[in-house]
Structures are given as C-alpha cells and as structure tokens.
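The values are calculated or read from the model by the stated rules, or taken from the named source; none is laboratory data. As the structure is a computational prediction, the values presented were derived from the model and not from experiment. Note: ideal-geometry Cβ built from the backbone for every residue, glycine included; neighbour counts use all protein chains shown. The area values use the complete protein model at the heavy-atom level, side chains included, leaving out ligands, DNA and RNA. Shrake-Rupley method; radii C 1.70, N 1.55, O 1.52, S 1.80 Å.
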Amino acid sequence: MDERIKKLSKTIVDYSIKIKENDRVLIQYESDFCKPLVIQLIKDIISRKAIPSTKLIDNEITSLILENSTSKAIDEMVKVKTFEVNNYDAFIRICYTENEYEDNKISKETRKELGLKSQDIDDIRINKRKWVLLNYPSLIDAYKAHMKYEDFYNFSMDVMNVDYESMNDKIKPLKDLMEKTDKVRITGPGTDITFSIKGLPAIPCCGTCNIPDGELYTAPIKKSVNGVITYNTPSPYHGNIFNNIKLEFKDGKIINCTTTEHNEKLKEIFDTDEGARYIGEFSLGFNPMITKPMGDILYDEKIMGSLHFTPGRCYEDCDNGNISSIHWDLVLIQTEEYGGGEVYFDDVLIRKNGLFVLEELKQLN
C-alpha cells in the first residue's frame with residue numbers, strides 16, 4: 001500500500017468530511033483501479049465506528065441508459081438520488097477518467113429534464129450533506145497532462161496530499177480583503193469584465209469538498225456582470241471538449257457565446273434553464289503545485305494564478321440568488337505563460353500575471 005494512499009484516506013475521513021461515529025458513508029467510484037483507495041477508506045471509516053457502503057459506477061452503462069431514457073426512467077433515477085441523499089450522511093465520489101466523450105449522445109431534452117427534476121435533491125446533497133470529490137489518476141489523465149503514467153500518478157498523489165490546514169491559514173488575508181470589496185475588474189487578452197461582490201461572503205476551499213484543492217470563492221451580484229471574458233483552458237462538459245470559450249455579458253446575463261467548435265452545443269448548455277446564463281461563482285485559484293491545464297476542471301480550477309467564473313448554480317453558503325441545474329467552472333489562467341492579465345478590487349490591482357502584488361497576499365504566490 002502506497003503510504004500516500006493512507007495519508008489521503010486519513011485526510012478525507014478526518015479533515016474533509018470529518019467522519020463521526022455512526023455516520024453512514026457512501027463511497028462511489030468509477031473503476032476497479034480505484035480499489036486501493038476504496039479499501040483504505042473502508043478501513044478508516046470502520047475504525048471511526050462509522051458505516052461504509054460502496055457503489056461502482058460504470059460511465060459507459062450510465063450513458064447508455066441516459067441515451068435511451070424516458071420520463072418514467074428519469075423519475076426512477078431521481079428516486080435513487082433521493083434515497084441516497086436521505087439515507088447517507090456523507091458522500092465520497094472518486095472519479096476515474098476513461099473517455100471524455102462517453103456521454104455526448106445524451107440529448108439536450110434528457111439533460112434538461114434530469115437537471116430540472118434533480119435540482120431540489122441535488123441542492124440538499126451539495127448544501128446539506130458532507131461530501132468530497134476527487135479524481136483517481138488514470139492513463140487518460142496522464143495523457144492529457146503529457147506525462148508518463150508513473151510520473152502523473154506521483155504528481156497526483158503529491159498534489160492531493162498538500163498541507164491544507166496551512167493553506168487555510170495563508171488564505172485569511174485574501175478572504176478578509178474579498179469580503180470588503182465591492183467592484184471587481186478582470187482584464188487580459190480578450191477579457192475586460194466588471195461586477196460587484198458587495199456583501200457576499202468569501203469561502204475558503206482547502207481540502208474540504210474537492211481534492212486537490214486551493215481556491216477562494218464568492219459570487220457576483222447576479223445582474224452586475226458586464227463585459228467580455230475569454231477562457232483559455234480546455235473544458236470538458238456534456239461529452240464534448242470546449243476551447244477558447246468567449247462570453248459577453250449585459251446586466252448579468254450571457255448575451256453572446258462562442259467557442260472554437262461546438263457552438264451549437266455551447267448554446268444548448270446556456271439554454272438549459274434561465275439560471276444557466278447567469279454567474280453563480282467567482283473564484284481565485286492558488287494551488288502552488290498545479291501550474292498547467294490538463295482539461296480536468298477539478299485540477300485546472302486550482303491552477304496557481306487562475307480564476308474561474310462559473311455559469312449556473314450558486315452555492316448556498318454564498319447565495320446570489322441564481323438557481324440552475326448546471327454549474328460549469330470555466331477557467332482563465334492569467335500567468336505570463338498564458339497571456340497574463342490583471343485582477344482589481346475596488347480599482348486597486350491585487351494580482352498581475354497570476355501573482356499577488358499586495359504584501360499581505362504574497363504568501364499565496
């Protein structure tokens with residue numbers, strides 16, 4: 001057993017979801033390759049006198065079912081989701097990438113119906129239950145990261161096992177500043193956008209819900225967003241990979257959207273429901289070990305010197321009133337290597353080319 005697996009399991013059980021005696025914990029995993037971590041999690045959960053259950057998810061089979069779904073079948077899926085949320089206190093989801101395009105034949109009608117019918121129960125799962133999401137390193141992930149598998153596995157384990165408690169301490173000055181801020185402006189190649197975050201909290205993300213982690217998020221006042229943003233990382237969503245997404249906003253709403261390809265698919269996503277064309281999250285990323293994109297949102301949104309500006313659902317702990325069945329973390333890297341850019345809080349430059357410039361924030365560089 002890799003000692004890093006043991007360390008990661010302990011972090012998940014004791015720090016991320018803080019397992020207590022008699023907690024019912026559902027471990028969902030997407031491949032037998034994840035078994036070393038699943039086995040260690042089961043051991044650790046049992047040792048805390050909690051109750052583990054497991055569920056193996058086959059994405060190929062899941063996609064096949066959704067491709068041929070009827071309204072009655074979707075109702076059954078929602079019943080299963082409802083049972084899980086009502087039956088378990090905590091959820092551990094271990095993803096394993098095998099094919100980004102597996103679900104690209106699921107119709108927009110099916111996605112919309114499932115999203116709308118699941119919205120309330122998904123809200124409870126996200127906001128009322130303990131949960132953590134992580135990716136077990138796969139061959140496809142190594143390929144996307146341009147690494148040998150062994151090198152990517154080691155990188156992944158090291159990134160997931162960073163010192164999150166120390167990170168949480170370092171983030172406090174940025175949290176304080178963000179919560180005092182009214183106007184935010186973001187500039188860079190193809191980007192000049194403004195919005196207000198006045199009165200909304202800033203939420204540290206340091207290993208509690210995502211692993212790897214390293215971000216601080218808030219949300220814009222729903223109708224305050226104006227301008228243009230151009231994202232520069234590949235973003236898989238709904239069975240397609242989107243590049244160079246450009247969004248234009250007026251009074252909070254996406255009024256134009258383009259991408260290198262799949263333009264119609266992009267429009268379909270933003271037509272899912274009314275909230276899909278408004279922003280539910282604004283976040284700054286600062287995991288020092290993640291410096292390049294690999295087309296995996298869970299990693300890319302934590303890139304040092306990045307930000308994400310997220311169409312769709314807001315989180316309950318930073319509620320700007322936007323409700324949607326989607327939540328799509330689109331990432332813009334602002335380091336010099338990726339074109340640079342600036343972030344201003346109330347007209348004061350706080351980050352330039354991915355590096356914090358205020359003295360009290362430089363410890364995050």
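Structure notes:
- Apportionment of accessible area to carbon and sulfur, the chain, percent (1.4 Å): 51
- Taking a Cβ cut-off of under 9 Å around Ser224, the surrounding Lys, Arg, Asp and Glu residues balance to a net charge of +3, with basic ones at +1 and acidic ones at -1.
- Solvent-accessible surface (1.4 angstrom probe) belonging to Ile255, in square angstrom, nearest 10: 80
- The protection proxy used here, the mean number of other Cβ atoms lying within 10 Å of each residue, ranks peptides 225-235, 33-43, 173-183 as follows, highest first: 225-235, 33-43, 173-183.
- Dividing the summed helix terms, -39500 (n - 2.57) for each DSSP H run of n ≥ 4, by the number of residues in the chain produces a 222 nm estimate of -9500 deg cm²/dmol to the nearest 500.
- Per residue, in Å², the accessible surface of region 155-303 once ligands and nucleic acids are set aside, probe 1.4 Å: 36
- Net length gained if the chain between Arg185 and Ile124 were fully extended (0.36 nm per residue, minus Cα distance): 18.7 nm
- Sorting the Cα pairs of the chain by distance into bins of 20 Å, from 0 upward, gives 29, 62, 10 percent per bin.
- Given R0 = 35 Å, the distance between the Cβ atoms of Lys105 and Arg4 translates into a calculated FRET efficiency of 0.40.
- Among the listed pairs Lys198/Lys253; Lys128/Lys223; Lys246/Lys267; Lys108/Lys128, those whose Cα-Cα separation exceeds 22 Å are Lys128/Lys223; Lys108/Lys128.
- Computed magnitude of the charge dipole of region 289-365 (debye, nearest 20; Cβ of K, R +1, Cβ of D, E -1): 220
- Amide H within-cut-off set for Thr181, under 5 Å, with H built and near neighbours excluded: none
- Amide H contacts of Gly340 (H built 1.01 Å from N, under 5 Å, at least 5 apart or other chain): Thr335
- Rolling a 1.4 Å probe over the protein chains gives His308 an accessible area of about 0 Å².
- Here region 4-44 is scanned for amide nitrogen atoms under 19 Å from the site 7 Å beyond the Cα of Asp89 along Cα-to-Cβ, giving 10-28, 41-44.
- In this label model, Lys265 and Thr291 are separated by 3.2 nm, measuring between points 7 Å along each Cα→Cβ vector.
- Cα gyration tensor shape for region 1-106, rounded if a/c is under 1.5, else prolate or oblate: oblate
- Euclidean distance between Cα centres, region 225-282 to region 4-28, Å: 35
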